[in-house]
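See below for the structure under consideration.
The values are calculated or read from the model by the stated rules, or taken from the named source; none is laboratory data. Nothing here was measured: the structure is a model prediction, and the numbers come from that model. Please note: Cβ atoms are built from the backbone with ideal geometry, for glycine as well, and neighbour counts cover all protein chains shown. With ligands, DNA and RNA removed, areas are computed over all heavy atoms of the protein, side chains included. Shrake-Rupley method; radii C 1.70, N 1.55, O 1.52, S 1.80 Å.
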Amino acid sequence: MKRSYRSLVSAALVLAFAWGISACGNDKETKKETPKAKTETKAAVLPNYRYVDLDTVLSRYNLAKDYNEEMLRMQTNAESQMKQHENKIKNFATTVQNKMQNNGYLTEESYKSDERKMANMQTEAQRSMQTLQGNLAQAAEQAQKTINDSINAFIETYNKTRGYDAILFKAATLYINPALDITDEVVEGLNARYNKVKK
């Protein structure tokens, strides 16, 4: 009787132990599957921030393109005026040289007078170029400010309907998921607003 009781107890313990292992194993499998399912769900939802490629915006935003063309015109004009000053001074220097070679100066004073005239021409040219460069730098700074203000104002209005936590510049990141790129949408919105105002 004792032997059969012990056998029953042993068998019950073995069964209980086996059931415990089995339950633990099943519990582990369930736990493994649950995080996986959660991960898959999270992967489908994008973070609540987006990014803009500023270089692309500046190359395609009509306001930026118009300012860029204006800066190029101003630069071309400055170079043209510089060339005119150079030619004027060069031609006068040639005239002075020819007069010297052909004994065109009757007095030393007339030669010194032409020297002073050429020095004044050079000073005027330098002054003129400094003014042009200053105007160009000021115009470029104002253009940059206007473009930045325009982009910032648009992003602020744009985000009121989107509710993103952050809109980043792509250049500020080492890597960012391309699915978060809203550059095309921003360029389209900027141009639509600018073209409307321009008309």
message: Among the residues in the stretch 173-195, are any under 21 Å from the mean Cα position of the chain (by Cα), open to solvent by 90 Å² or more (accessible area, probe 1.4 Å), under 30 Å from V45 (Cβ atoms) and not charged (D, E, K, R)?
response: yes
query: Given the structure, is A137 more than 19 Å from D55 (Cβ to Cβ), hydrophobic (A, V, I, L, M, F, W, C), within 24 Å of the chain's Cα centre (by Cα) and part of a helix (DSSP H, G or I)?
result: yes
- prompt: If you scan the stretch 101-118, which residues turn out to be charged (D, E, K, R), open to solvent by less than 100 Å² (accessible area, probe 1.4 Å) and touching a helix residue (DSSP H, G or I) at 6+ places or on another chain (Cβ under 9 Å)?
  reply: D114, E115
query: Looking at this structure, is Y175 touching a Gly at 6+ places or on another chain (Cβ under 7 Å) and either in a loop (DSSP other than H, G, I, E, B) or at pLDDT 95 or above (or both)?
result: no
Search result, residues across the stretch 59-72 that are touching a residue at least 60 places away in the same chain (Cβ under 8 Å), over 11 Å from V186 (Cα atoms) and open to solvent by less than 60 Å² (accessible area, probe 1.4 Å): N62, L63, A64, Y67, M71
query: Just checking, which of T146, T95 is at pLDDT below 95, part of a helix (DSSP H, G or I) and open to solvent by less than 100 Å² (accessible area, probe 1.4 Å)?
result: T95
Members of the stretch 134-169 found to be of a type in the set (D, E) and closer than 23 Å to Y67 by Cα, listed by number: E141, D149, E156
- request: Look at the stretch 119-130 and say how many of its residues are within 12 Å of H85 (Cα to Cα) and either open to solvent by 50 Å² or more (accessible area, probe 1.4 Å) or modelled with pLDDT of 95 or more (or both).
  value: 6
query: If you go through the stretch 98-113 one residue at a time, do you hit one that is of a type in the set (A, V, I, L, M), at negative phi and part of a helix (DSSP H, G or I)?
result: yes
